[in-house]
1. Name the residue, out of ARG318, ARG311, that is touching a Ser or Thr at 6+ places or on another chain (Cβ under 9 Å), in a loop (DSSP other than H, G, I, E, B) and in contact (Cβ under 8 Å) with a residue 24 or more places away in the chain.
2. Does the range 209-219 contain at least one residue that is within 27 Å of ILE143 (Cβ to Cβ) and part of a loop (DSSP other than H, G, I, E, B)?
3. Quick check: anything in the range 382-400 in a strand (DSSP E or B) and not assigned by TED's automatic domain parsing to the domain that holds LYS33?
4. Suppose we filter LEU136, LEU144, LEU119, LEU130 for residues that are modelled with pLDDT of 95 or more, in contact with a Gly (Cβ under 8 Å, 6 or more places away or on another chain) and more than 22 Å from THR221 (Cβ to Cβ); which single one remains?
5. Please enumerate the residues belonging to the range 106-119 that are of a type outside the set (Ser, Thr, Tyr) and either outside the structural domain of LEU164 (by TED's automatic domain parsing) or in contact with an Asp or Glu (Cβ under 8 Å, 6 or more places away or on another chain) (or both).
6. Any residue at all in the range 239-250 that is β-branched (Val, Ile, Thr) and more than 18 Å from HIS8 (Cα to Cα)?
7. Could you check the range 40-71 and list, in sequence order, the residues that are farther than 15 Å from SER11 by Cα, touching a residue at least 12 places away in the same chain (Cβ under 8 Å), in a loop (DSSP other than H, G, I, E, B) and not small (Gly, Ala, Ser)?
Amino acid sequence: MKYIADLHTHSYYSRATAKSSCLEGFYQWARIKGINLVGTGDFTHPKWRDEIGKKCVIDSDGFLTLKKPPRDLPQGFEESQVKTEEIPVRFVLSAEISSIYKKGDKTRKIHNILFAPSLEAADRISKKLLSLGANLTSDGRPILGLSAKDLLEITLEADDQAYLVPAHVWTPWFSLFGSKSGFDSIEDCFEDLTPHIFALETGLSSDPPMNRLWSKLDQYTLISNSDAHSPQKLGREANVFDTEFTYSGMFKALKTRKGFLGTYEFYPEEGKYHFDGHRKCNIVLDPLESKKLNGICPLCHKPLTLGVAHRVYELSDRKKEASMDETPFKYLIPLPEVVSEILGKGPSSKTVQSFYARLIHSFGSEFNMLLHAPLDEVESKAGALWKEAMKKMRTGKVNPKAGYDGEFGVIRVFDDQELDKLKGQESFFKASALKKKAP
């Protein structure tokens with residue numbers, strides 16, 4: 001069975017998250033996006049775990065189903081005309097842990113995602129962390145003075161189907177290979193338990209071809225997730241499976257790559273740590289430029305934040321990136337960003353949100369329009385300009401402005417002259433096809 005999974009999210013118990021980051025909110029937006037499986041996030045938080053237990057039934061296959069799923073979509077959206085989801089939206093127990101500890105001559109700051117097959121297994125992991133003095137109530141993503149290796153050992157002891165996947169492995173500040181506090185190899189971090197690591201989360205600022213520049217990562221399945229702090233951000237990146245729609249089936253696919261079809265990816269330039277730079281000084285540099293400056297900001301003379309591209313090329317042992325055939329994935333730009341560019345309004349504006357809702361109504365889900373709808377169908381429903389936008393996005397003919405030092409990049413489908421020309425040729429949407437229904 002083919003399905004789409006976004007396995008890394010956060011509940012409203014995590015810091016800097018939306019109040020709508022609840023099970024019902026994620027369920028609603030999973031339908032809008034076209035996602036079939038969503039990570040619960042934050043299962044180590046006792047109140048969130050209790051909420052999951054009260055609101056969900058855990059199936060024999062290890063996934064969770066909402067007892068009372070919301071019938072409606074969020075306000076402003078209408079039921080899809082296209083049924084892209086042939087299976088219900090389910091959840092899988094997940095949590096992100098921040099480990100800050102001293103190893104060797106450095107302070108390490110590593111984020112890892114945990115997965116549990118049952119609430120009982122999640123309880124065992126949480127109780128063990130509590131016994132070691134962890135404060136699990138202050139944040140849905142707790143900060144522990146526990147090494148990544150020790151966290152992996154606790155996870156393995158809790159259940160033989162509990163797993164750990166290193167999160168956004170290239171992010172400078174909090175990741176396995178991060179330039180500020182990470183390691184130069186997986187073995188340095190997990191030591192003798194390294195064989196229990198079978199997958200790595202690439203993060204928003206890198207893509208599979210970049211990761212395949214380093215031959216030591218060939219044995220690992222590369223996954224991508226949104227790390228969503230609000231339901232609207234679901235599906236910024238996601239994974240595609242064609243296997244049993246079960247917990248064991250999904251992890252068997254991740255271990256063997258049989259049934260794992262690949263990922264949907266941000267253009268990595270859009271990630272907020274792609275290039276090197278110093279945000280306070282508005283300095284952004286590619287790795288070659290920053291190397292010439294010895295990693296020092298030319299304005300304030302302080303160290304630059306070395307981005308993901310720099311760190312990947314620093315550790316890589318290949319000169320040529322893998323092709324899309326070797327590492328299956330598809331690039332996407334979140335649909336609200338494309339709407340924002342074409343309408344010339346902010347992504348959160350009412351104008352953009354209203355038009356976005358009309359596209360969802362017409363195409364059934366965001367992923368269906370971005371990646372699957374035939375271009376002729378896009379033209380017939382939305383117009384020639386939208387056909388051109390989807391064609392350019394799918395073929396990678398976009399205009400990137402790379403992110404750096406915590407500042408998101410920007411990916412534009414058109415340049416200004418091109419957009420003005422296309423707008424002048426015809427109305428940029430067909431009112432009859434995208435007509436908004438009266439409430």
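The values are calculated or read from the model by the stated rules, or taken from the named source; none is laboratory data. Values in this document were obtained by computation on a predicted structure and should not be read as measured data. Cβ coordinates were reconstructed from backbone atoms using ideal geometry, including for glycine residues, and neighbour counts include every protein chain displayed.
1. None of the others qualify; the one that does is ARG318.
2. Among the residues of the range 209-219, not one is within 27 Å of ILE143 (Cβ to Cβ) and part of a loop (DSSP other than H, G, I, E, B), which makes the answer no.
3. We begin by selecting, within the range 382-400, every residue in a strand (DSSP E or B); these are 399-400.
Applying the additional criterion that residues be not assigned by TED's automatic domain parsing to the domain that holds LYS33 yields 399-400.
Yes, the range 382-400 has at least one match.
4. After ruling out the rest, the residue left standing is LEU119.
5. Of everything in the range 106-119, those that are of a type outside the set (Ser, Thr, Tyr) and either outside the structural domain of LEU164 (by TED's automatic domain parsing) or in contact with an Asp or Glu (Cβ under 8 Å, 6 or more places away or on another chain) (or both) turn out to be HIS111, ASN112, ILE113, LEU114, ALA116, PRO117.
6. From the range 239-250, those β-branched (Val, Ile, Thr) are 240, 243, 246; that's our starting set.
If we keep only those that are more than 18 Å from HIS8 (Cα to Cα) as well, we get 243.
Yes, the range 239-250 contains a residue that is β-branched (Val, Ile, Thr) and more than 18 Å from HIS8 (Cα to Cα).
7. Selection gives ASP59, ASP61, PHE63, LYS67, LYS68, PRO69, PRO70.
So that you can scan it fast, the table gives a plain yes or no per residue for (1) within 16 Å of THR107 (Cβ to Cβ); (2) not in a loop (DSSP other than H, G, I, E, B):
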site: SER138; (1), (2): no, no
site: ARG141; (1), (2): no, no
site: LEU146; (1), (2): yes, no
site: LYS149; (1), (2): yes, yes
site: THR155; (1), (2): no, yes
site: GLN161; (1), (2): no, no
site: HIS168; (1), (2): no, no
site: SER175; (1), (2): yes, no
site: SER179; (1), (2): yes, no
